[in-house]
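Participant: One structure, as structure tokens, below. Some questions next.
The values are calculated or read from the model by the stated rules, or taken from the named source; none is laboratory data. Note that the structure is predicted; figures quoted are calculated from it, not measured. Glycine gets a Cβ as well: all are built from the backbone with ideal geometry, and neighbour counts include every protein chain shown.
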Amino acid sequence: MLKQNRWQTWLSYLHPQYTACMTCHKKAPLMKRYPQICEKCALSIPWITQQQCKVCGRGEYCPDCQRKSASQRYFMFNRSAVYYNDTMRQWIADYKYRGQERYAPLLGKMMIEAYQLMKREMIEFYQKRWNIDIVTGVPVSSTRLIQRGFDQAAVLAEYLATYEHLSYIPLLVRQRDTLKQSSQGRQARLLNMQEVFSYAPHTPQWLATYQSPTLNILLVDDIYTTGSTINNCAKALIEAGKCHQIDIQVFSLTWARS
């Protein structure tokens, strides 16, 4: 049996199984780290390994966080896995708008790696143990949920929470539909997100069950642009905590930073 296994290993090395890469569609050996894609596509992932802006996690100078309006911030920090370049734009478009849900494990794995990097950074920053109590997602509108058939942020949040053995709870609701953020300028995006999110009716009770005066919540979304979505969601979560005198600290993790 041992000889047979060795022989099969050598055969797979000499004659690797070529399968079409999910992203470039070319036939090539797929990665062990990311089984759906080839090595060339894996190497093209524009990871954010160092943040120039320690607030929003941007890997380059960030004018948004230097503005006066940025002082009214409800979340602690944001971190993102990748830069939002043309390749990443194609990946997320295939996932969100073209019904290719097979991207979910790939994007989920990327989120896990980004979270682990974030956790190491937070422990170093706070100089103590840093834990997340609850993972939640930015809710999609009911219209888009019907159109897509799934909530992309919820899928990523659940994927991460399951792997890291954390509690995933949908704590937020979207009050109304909004225009796509990508189709608007910065000021319009900020106005577009005002009063859009609120905490779900069950949220204060959920928070109270932890019987803790302070809770750390990880808010998950797919793309961070101006931060208006994350900020408004964080504000709603903090308001939910006030119902039971719970100090809520919101940290956010997004798949991409534009």
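Participant: Trp91: aromatic (Phe, Trp, Tyr), over 30 Å from Ser212 (Cβ atoms) and touching a helix residue (DSSP H, G or I) at 6+ places or on another chain (Cβ under 9 Å), yes or no? So that I can check it myself, show each step before the final result.
Facilitator: Values: aromatic (Phe, Trp, Tyr): yes; over 30 Å from Ser212 (Cβ atoms): yes; touching a helix residue (DSSP H, G or I) at 6+ places or on another chain (Cβ under 9 Å): yes.
Yes.
Participant: Another question, if that's okay. Considering only residues of region 140-169 that are part of a loop (DSSP other than H, G, I, E, B) and of a type outside the set (Ser, Thr, Tyr), which is farthest from the chain's Cα centre (by Cα)?
Facilitator: Gly149
Participant: Something else now. Might you check whether a residue that is modelled with pLDDT under 90, outside any helix (DSSP H, G or I) and farther than 21 Å from Ala157 by Cα occurs anywhere in region 94-110?
Facilitator: No.
Participant: Glu101: buried (at least 17 other Cβ atoms within 10 Å of the Cβ) and without any contact (Cβ under 8 Å) to a residue 60 or more places away in the chain, yes or no?
Facilitator: Judged against the criteria, Glu101 is not a match.
Residues are listed down the side, and each one gets a yes or a no for (1) crowded, with 16+ Cβ neighbours inside 10 Å; (2) within 22 Å of Lys54 (Cα to Cα); (3) among the β-branched types (Val, Ile, Thr):
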{"residue": "Glu124", "(1), (2), (3)": "no, yes, no"}
{"residue": "Arg129", "(1), (2), (3)": "no, yes, no"}
{"residue": "Gly137", "(1), (2), (3)": "yes, yes, no"}
{"residue": "Leu145", "(1), (2), (3)": "no, no, no"}
{"residue": "Val155", "(1), (2), (3)": "yes, no, yes"}
{"residue": "Leu166", "(1), (2), (3)": "yes, no, no"}
{"residue": "Ile169", "(1), (2), (3)": "yes, no, yes"}
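Participant: Residues that are assigned by TED's automatic domain parsing to the domain that holds Met110, in contact with a Lys or Arg (Cβ under 9 Å, 6 or more places away or on another chain) and not aromatic (Phe, Trp, Tyr): find the strands (runs of 3 or more DSSP E) completely inside region 191-258 holding 3 or more of those.
Facilitator: Working: elements: 197-199, 214-224, 247-257.
Strands (runs of 3 or more DSSP E) meeting the threshold: 247-257.
Participant: Between a first residue in region 46-62 that is surrounded by 14 or more Cβ atoms within 10 Å (Cβ to Cβ) and a second residue that is part of a loop (DSSP other than H, G, I, E, B) and among the charged types (D, E, K, R), which pairs have beta carbons less than 9 Å apart while being 6 or more apart in sequence or on different chains?
Facilitator: Ile48/Arg58; Gln51/Arg58; Cys53/Glu60; Val55/Arg73
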